[in-house]
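Down below is the structure, laid out as structure tokens.
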Amino acid sequence: MNLPNKLTMFRVALIPVFIIFMMADMIPYHKIWAMIIFIVASLTDTADGYIARKYNLVTNFGKFMDPLADKLLVCSAMICLIDTKQLASWIVIVIIAREFIISGFRLIACDSGVVIAASVWGKLKTICQMVMIIALLWDLPFFGFWVFEQILIWLSLVLTIISLIDYIYKNRSVLSSGK
């Protein structure tokens with residue numbers, strides 16, 4: 001297993017650690033620790049992609065696991081943020097539904113031998129969601145920061161919907177042609 005794939009698996013391994021710290025009220029500064037773990041996990045996403053491309057270490061395992069690890073990390077964090085009342089459940093449902101729809105779409109395309117690359121909108125969505133989660137975990141008690149958090153929540157939701165529409169529109173031939 002090459003370094004990018006090890007980083008991806010490390011990110012997956014950090015998810016239960018993140019959840020434990022996120023939900024363990026008895027641990028002092030548990031949300032700060034959860035935020036640090038989330039930031040480290042998010043940085044492995046940047047690092048594994050960079051290393052894989054720079055050193056030509058792209059593998060089928062990485063192509064499959066890297067986006068899955070991102071989805072697991074982000075969705076786990078958002079579900080925890082429902083419990084802390086920082087994210088509305090309906091927003092998380094919309095975001096997770098988009099992930100299921102795109103994953104299903106990719107399976108249909110893959111079955112036909114078509115590889116669908118991530119779009120700019122999808123990448124922006126992921127970055128915005130990760131920044132939103134970090135901001136919500138930091139949770140500074142200032143009104144201006146609360147406004148910033150709300151902007152990130154709504155921007156994440158809008159980018160989720162735009163990226164879904166863009167993805168389906170650009171790849172509609174996968175469904176319509178019966179490939």
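Here are the numbers for the structure shown:
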{"quantity": "Nearest-10 value in Å² for the accessible area of residue 3, using the 1.4 Å probe", "calculated": "90"}
{"quantity": "Mean separation of Cα contacts under 8 Å (6+ apart) over length of the stretch 1-44, as relative contact order %", "calculated": "43"}
{"quantity": "Fully extended contour minus Cα-Cα distance, from residue 131 to residue 118, at 0.36 nm per residue", "calculated": "2.8 nm"}
{"quantity": "Where 145, 61 fall by accessible area, highest first, once all protein chains stay in place (1.4 Å)", "calculated": "61, 145"}
{"quantity": "Nearest-0.05 FRET efficiency for residue 142 and residue 101, computed from C-beta distance (R0 45 Å)", "calculated": "0.80"}
{"quantity": "Helix-only [θ]222 nm of the chain, DSSP H runs n ≥ 4, -39500 (n - 2.57) each, per residue, nearest 500", "calculated": "-28000 deg cm²/dmol"}
{"quantity": "Separation of the residue 68 and residue 90 label points, Cα + 7 Å toward Cβ, nm", "calculated": "3.3"}
{"quantity": "The stretch 16-114 - Rg (one decimal) and Dmax (whole number), Cα, Å", "calculated": "16.1, 51"}
{"quantity": "Gain on full stretching of the segment that runs from residue 39 to residue 13 - 0.36 nm per residue minus C-alpha separation", "calculated": "8.0 nm"}
{"quantity": "Share of carbon and sulfur in the accessible heavy-atom surface of the chain [1.4 Å probe, %]", "calculated": "74"}
{"quantity": "Inter-part distance where the stretch 90-134 and the stretch 1-55 are each reduced to a Cα centre, Å", "calculated": "19"}
{"quantity": "Dipole of the stretch 61-179, positive direction: furthest Cα of 171, 117, 69, with charges on the beta-carbon", "calculated": "171"}
{"quantity": "Gyration tensor verdict on the stretch 21-179 (Cα atoms; rounded if a/c is under 1.5, prolate if a/b is larger than b/c, oblate otherwise)", "calculated": "prolate"}
{"quantity": "Stokes-Einstein diffusion coefficient of the stretch 7-62, Kirkwood radius over Cα pairs, 25 °C, 0.890 mPa s, in µm²/s", "calculated": "201"}
{"quantity": "Accessible heavy-atom area order of 54, 71, 85, highest first, probe of 1.4 Å", "calculated": "85, 54, 71"}
{"quantity": "Radius ratio Rg over Rh of the stretch 92-179, counting only Cα atoms, Kirkwood formula for Rh", "calculated": "1.11"}
{"quantity": "The chain, dipole about Cα centre (Lys/Arg Cβ +1, Asp/Glu Cβ -1), debye to the nearest 20", "calculated": "560"}
{"quantity": "Solvent-accessible area per residue for the chain (1.4 angstrom probe, square angstrom)", "calculated": "57"}
{"quantity": "Dipole magnitude of the stretch 100-179, debye to nearest 20 (Cβ charges: Lys/Arg +1, Asp/Glu -1, about Cα centre)", "calculated": "380"}
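The values are calculated or read from the model by the stated rules, or taken from the named source; none is laboratory data. Quick caveat, the model's predicted, so the values are computed rather than measured. Note: ideal-geometry Cβ built from the backbone for every residue, glycine included; neighbour counts use all protein chains shown. With ligands, DNA and RNA removed, areas are computed over all heavy atoms of the protein, side chains included. Shrake-Rupley method; radii C 1.70, N 1.55, O 1.52, S 1.80 Å.
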